[in-house]
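Asker: Dropping a structure here in C-alpha cells format, bear with me for questions.
The values are calculated or read from the model by the stated rules, or taken from the named source; none is laboratory data. What you are looking at is a predicted structure, and each value in this text was computed from that prediction instead of being measured. So basically every Cβ, Gly included, is an ideal-geometry build from the backbone, and we count neighbours across all protein chains shown.
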Amino acid sequence: MKKNLVILAIAMVAAACGGGESSDSATTDPGATPTTAADTSEATSAPTTQADSSDSPPAADPPGGIVLTIGDQVWEFPGAQCAFFNAKAGEDGSEWNVSNVQDGLQVYVYVDGFVSEVTIDDITNGGNPTVSWAAEGDAVSLTVNGDDILAEGTFTDNVGGSAPTTGKLEASCASWFEG
C-alpha cells in the first residue's frame with residue numbers, strides 16, 4: 001500500500017512541476033528569508049493593474065492552496081495536489097497525501113496507517129538544502145474536514161539545527177485524486 005502512495009506522490013510532484021511557477025508565494029527564492037507573520041500582508045497583496053480593453057475577466061488564482069507557518073516563517077503555495085487510497089482522507093483506513101512544489105521548495109503531508117508527517121524541503125539543492133523542516137508521528141496532529149486539512153505540531157529543523165519549533169499547516173484541496 002505504501003508503494004501506491006509513493007506512486008501517487010511522484011505523480012503529484014510531476015503534475016506540480018509541469019505547470020508554470022507562480023510568483024504569488026511569500027518566498028520567491030529558496031535561499032531568501034521567508035516572510036514573517038508581520039509582513040505577510042504586504043507579501044500577499046499584489047498591485048492592481050488596469051484591465052486591457054478586451055472583455056475577458058482577469059485570471060483567478062487556482063482553487064485550494066497550502067499555508068505553512070513554522071515559528072515566524074511563512075510559506076504559501078497557491079494550490080494543492082491531493083490524493084487518497086483505500087478511503088477518503090480522514091476516514092478509517094485512508095492513506096493520503098497533499099503536496100505542492102514552488103520556487104524549489106516542496107511542502108508535503110503524508111498519512112498512512114503507521115506514519116503521519118508534514119515536511120517542507122528544498123528540493124533543488126540536493127545534499128546541501130537551504131530548508132528542511134519535519135513534524136512526524138506524535139509530534140503532529142492532523143485534522144481533515146472535507147477538503148480542508150489542519151496540521152499542528154512541533155517541527156524539527158534538519159538544516160539549521162534550531163530548537164524544535166511549533167508550526168501549523170492549513171491546506172484546502174480543490175479536488176482529490178483517487179488512487
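Okay, residues lined up against (1) out of contact with any Phe, Trp or Tyr (no Cβ under 9 Å at 6 or more places or on another chain); (2) under 22 Å from residue 78 (Cα atoms); (3) hydroxyl-bearing (Ser, Thr, Tyr):
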site	(1), (2), (3)
99	no, yes, yes
104	yes, yes, no
107	no, yes, no
120	no, yes, no
127	yes, no, no
132	yes, yes, yes
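Yes/no per residue for (1) more than 17 Å from residue 70 (Cβ to Cβ); (2) of a type outside the set (Phe, Trp, Tyr); (3) surrounded by 22 or more Cβ atoms within 10 Å (Cβ to Cβ):
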| position | (1), (2), (3) |
| --- | --- |
| 112 | yes, yes, no |
| 134 | no, yes, no |
| 155 | no, no, yes |
| 160 | no, yes, no |
| 174 | yes, yes, no |
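Asker: A further question follows. Which strands (runs of 3 or more DSSP E) does the range 128-179 wholly contain that include 2 or more residues that are in contact with an Asp or Glu (Cβ under 8 Å, 6 or more places away or on another chain)?
Answerer: Here the list reads 132-136, 140-145, 148-157, 165-172.
Asker: Moving on to the next point. Every residue in the range 85-96 that is outside any loop (DSSP other than H, G, I, E, B) and either hydrophobic (A, V, I, L, M, F, W, C) or out of contact with any Asp or Glu (no Cβ under 9 Å at 6 or more places or on another chain) (or both), please.
Answerer: Within the range 85-96, the subset outside any loop (DSSP other than H, G, I, E, B) is 85, 95-96.
Hits for the range 85-96 are 85, 96.
Asker: Only one of 141, 94, 99 is at pLDDT 95 or above, under 30 Å from residue 178 (Cβ atoms), among the small types (Gly, Ala, Ser) and surrounded by 16 or more Cβ atoms within 10 Å (Cβ to Cβ). Can you tell me which?
Answerer: 99 is the lone residue from the list that is at pLDDT 95 or above, under 30 Å from residue 178 (Cβ atoms), among the small types (Gly, Ala, Ser) and surrounded by 16 or more Cβ atoms within 10 Å (Cβ to Cβ).
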